[in-house]
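Following: one structure in structure tokens, then a few remarks.
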Amino acid sequence: MAGAVVFPGMGPADFTEVGRFMVGNAVARRLVAQADEVLGYSLVDRFRETEGDYSEYAQVAFLVNSVALAHWAQDALGLRPQYCTGASFGAKSAVAYSGALSFADTVLLTARLARHMEDFFSRELTDLVTHSFVRTPRELLDEVRAELDARGEWNDVSCYVDEDFYMLSLPESSVDWLQQRLRSAGGLSLYTMRPPMHCAAFAPLRAEVERDLFTGLEFADPELPVIADQDGTVIRGAEGMRTLLLDGFTRALCWPEVVASLREQGVDTVHVCGVDSLFGRVKVTRNAFTVVAVDPRLAMRPRRPVLAARAV
């Protein structure tokens, strides 16, 4: 059997949760120093001082920490993955870790993307958000979407997380209706994200990013195969990695397809590298693999044998 690194999607992670790792772990300090040189500012200081779960500095810090944890796991846990994948934002970490794009270029791209997206959604599609919810069978999701269509409310599925866990993009003015509708049928709303993500309606954003940010980037063949988070495709070439990042703007994430693809490759153990409250914990992942959570808490404990890795 084989193993894989999973880089989770980005969620809220304030400085108190990860700051000690960034300044106290040798691998993280090395990557933070590289990021500082590329960005021209102190990432730790900016991350500490700036509010917002998805600020430019929070996004770069999440990337740096996720990649640092994977490299730390190689030394501390003997991690030798045969495959790699990243969910949503985690695709950037997968691109850097696999060597498809240099770490410096990935850091700079992440910062520029954060600025570009903030600008885009301040002038385009300003009323759209992405809402996540669980305890919702596919049949109920289809009913809710049909009712939104009948109301003349645009909507699109951004993420298929598990068999009853979805993220739906829609106008912010429709979120209250959606929450009430889900609650009446036994569903449970979680949170609303701004900016929204992973929708065909964001084709203009994809085009802008390709034109303004991807020109001149040199992608390479990944050093280990990468599983696309949209459909489970196994990517082995440079062009596929470039397309993976661009398609992340316009194609929905389908995590069950990723899990199925990893299983088809013989993967039985995944190391989830990064602060994660979702992809390593949902049922579809736990039922398929032995899951090892590689997070800042684990990395900052005194060095222990491989068997001490925390499984969830």
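Screening the candidates ARG48, ARG20 for the property of being touching a residue at least 60 places away in the same chain (Cβ under 8 Å), charged (D, E, K, R) and surrounded by fewer than 22 Cβ atoms within 10 Å (Cβ to Cβ) yields one hit, ARG20.
The rows are residues; the columns are (1) surrounded by fewer than 19 Cβ atoms within 10 Å (Cβ to Cβ); (2) over 17 Å from the mean Cα position of the chain (by Cα); (3) over 30 Å from ALA2 (Cα atoms); (4) in contact (Cβ under 8 Å) with a residue 40 or more places away in the chain.
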{"residue": "ALA73", "(1), (2), (3), (4)": "no, yes, no, yes"}
{"residue": "TYR83", "(1), (2), (3), (4)": "no, no, no, yes"}
{"residue": "PHE121", "(1), (2), (3), (4)": "yes, yes, yes, yes"}
{"residue": "LEU140", "(1), (2), (3), (4)": "yes, yes, yes, yes"}
{"residue": "GLU153", "(1), (2), (3), (4)": "yes, yes, yes, no"}
{"residue": "VAL161", "(1), (2), (3), (4)": "no, no, no, yes"}
{"residue": "PHE165", "(1), (2), (3), (4)": "no, no, no, yes"}
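Scanning the range 262-275 for residues that are surrounded by 21 or more Cβ atoms within 10 Å (Cβ to Cβ) and in contact with a Phe, Trp or Tyr (Cβ under 9 Å, 6 or more places away or on another chain) returns LEU262, VAL267, VAL270, VAL272, CYS273, GLY274, VAL275. Scanning the range 141-173 for residues that are assigned to a helix (DSSP H, G or I), closer than 28 Å to ARG281 by Cβ and in contact with a helix residue (DSSP H, G or I) (Cβ under 8 Å, 6 or more places away or on another chain) gives a single hit, VAL144.
The rows are residues; the columns are (1) at pLDDT below 95; (2) in the same structural domain as ALA87 (by TED's automatic domain parsing); (3) touching a helix residue (DSSP H, G or I) at 6+ places or on another chain (Cβ under 6 Å); (4) farther than 19 Å from CYS159 by Cα.
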residue: GLY240; (1), (2), (3), (4): no, yes, no, yes
residue: LEU246; (1), (2), (3), (4): no, yes, yes, no
residue: PHE249; (1), (2), (3), (4): no, yes, yes, no
residue: TRP255; (1), (2), (3), (4): no, yes, no, no
residue: ALA260; (1), (2), (3), (4): no, yes, no, no
residue: GLY274; (1), (2), (3), (4): no, yes, yes, yes
residue: THR290; (1), (2), (3), (4): no, yes, no, yes
residue: ASP295; (1), (2), (3), (4): no, yes, no, yes
residue: ARG301; (1), (2), (3), (4): yes, yes, no, yes
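If you go through the range 90-130 and pick out every residue that is in contact with a strand residue (DSSP E or B) (Cβ under 8 Å, 6 or more places away or on another chain), assigned to a loop (DSSP other than H, G, I, E, B) and within 22 Å of LEU168 (Cα to Cα), you end up with 1.
The values are calculated or read from the model by the stated rules, or taken from the named source; none is laboratory data. All values reported here derive from a predicted model rather than from experimental measurement. For neighbour counting, all protein chains shown are included, and Cβ atoms are generated from backbone atoms with ideal geometry for every residue, glycine included.
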